[in-house]
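Below you'll find the structure, written out as structure tokens, and then a few comments.
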Amino acid sequence: MLDELASACNCTDCDSTLTDTQCQMVFDTAAGRRRVYECSCGAVTITVSESTTEA
């Protein structure tokens, strides 16, 4: 469900939608998945979603 939400840059005067092509890194930890995006304005956004795997 959270994967269906769009990520957006929250930089002042930007608010661009972040796309998969702007995703620079994806990594998983026990706490969830992190995705790092670099917007064309130069800002970096990190999203965190809960892990879907059971311990």
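Can you give me the number of residues within region 6-17 that are surrounded by 11 or more Cβ atoms within 10 Å (Cβ to Cβ) and either touching a Lys or Arg at 6+ places or on another chain (Cβ under 6 Å) or at positive phi (or both)? If you could, list the steps in order and put the result at the bottom.
Let us first name the residues in region 6-17 that are surrounded by 11 or more Cβ atoms within 10 Å (Cβ to Cβ), namely 7-11, 14-16.
From what is left, the residues that are either touching a Lys or Arg at 6+ places or on another chain (Cβ under 6 Å) or at positive phi (or both) are 15.
Residues in region 6-17 being surrounded by 11 or more Cβ atoms within 10 Å (Cβ to Cβ) and either touching a Lys or Arg at 6+ places or on another chain (Cβ under 6 Å) or at positive phi (or both): 1 in total.
Keeping to region 18-44, report how many residues are surrounded by 14 or more Cβ atoms within 10 Å (Cβ to Cβ) and of a type in the set (A, V, I, L, M, F, W, C).
5
Listed residues Thr52, Thr47; which is modelled with pLDDT of 85 or more and of a type in the set (Val, Ile, Thr)? Break it down into steps so the answer makes sense when it comes.
On the way: Thr52 fails: modelled with pLDDT of 85 or more.
Criteria check complete, one pass: Thr47.
The values are calculated or read from the model by the stated rules, or taken from the named source; none is laboratory data. On a predicted model such as this, the values are computed, not experimentally measured, just so you know. Glycine gets a Cβ as well: all are built from the backbone with ideal geometry, and neighbour counts include every protein chain shown.
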